1. Hey, in the GNM for the chain with a 10 angstrom Cα cutoff, which one of GLU36, GLU13, GLU65 fluctuates hardest?
2. Using only Cα atoms, tell me the angle between helix 67-86 and the longest principal axis of the chain; keep it within 0 to 90° and round to the nearest 10.
3. For the chain, what does -39500 (n - 2.57) per DSSP helix run (n ≥ 4), summed and divided by total residues, give at 222 nm, in deg cm²/dmol to the nearest 500?
4. What residue among GLY32, GLY17, GLY43 has the largest mean-square fluctuation in a Gaussian network model of the chain, using Cα springs under 10 Å?
5. So for the chain, what are the equivalent ellipsoid semi-axes in whole Å, largest first, each being the square root of 5 times an eigenvalue of the Cα gyration tensor?
6. GNM on the chain, C-alpha springs below 10 Å: top fluctuator among ILE70, ILE78, ILE33?
7. Which lysines, on any chain, are close to LYS15 with Cα under 22 Å apart, when same-chain ones fewer than 8 places away are left out?
Amino acid sequence: MTGAGLIDTASVEQKLGVIRAHTDLPVLVGFGIKDEVTAKTVGAVSDGVVVGSVLVSAMASLAGETTDKICTQLSTVIQPIRKGLDEI
């Protein structure tokens, strides 16, 4: 599942149940993961999260910057997301 928007955790959890009925593979969710709270919320009902759009947006805003600045800024975006997942 990928995309963006508001997260309805109950709906996500229900859909994960349907998907899991068809596979033994881990099921990751990749929509709306933009911060510590969303990562923690979705990570608690899924097997993992995919972080994409928030990083792409951050990188787009840094076009033309040095690699060091881009890496530093991306780190400030991803660290709280990692923290939220670690708290599960």
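Quick note: the coordinates plus some simple rules give every number you see, no bench work behind them. Small disclaimer: the values here were computed from a predicted structure and weren't measured.
1. GLU65
2. 30 degrees
3. Calculated from helices alone, the mean residue ellipticity at 222 nm is -17500 deg cm²/dmol.
4. So, out of GLY32, GLY17, GLY43, the one fluctuating most is GLY17.
5. On the way: eigenvalues 153, 32, 24 Å².
Over the Cα atoms of the chain, the ellipsoid semi-axes are 28, 13, 11 Å.
6. Looking only at ILE70, ILE78, ILE33, the biggest GNM fluctuation is shown by ILE70.
7. Cα-Cα hits under 22 Å: LYS34, LYS40.
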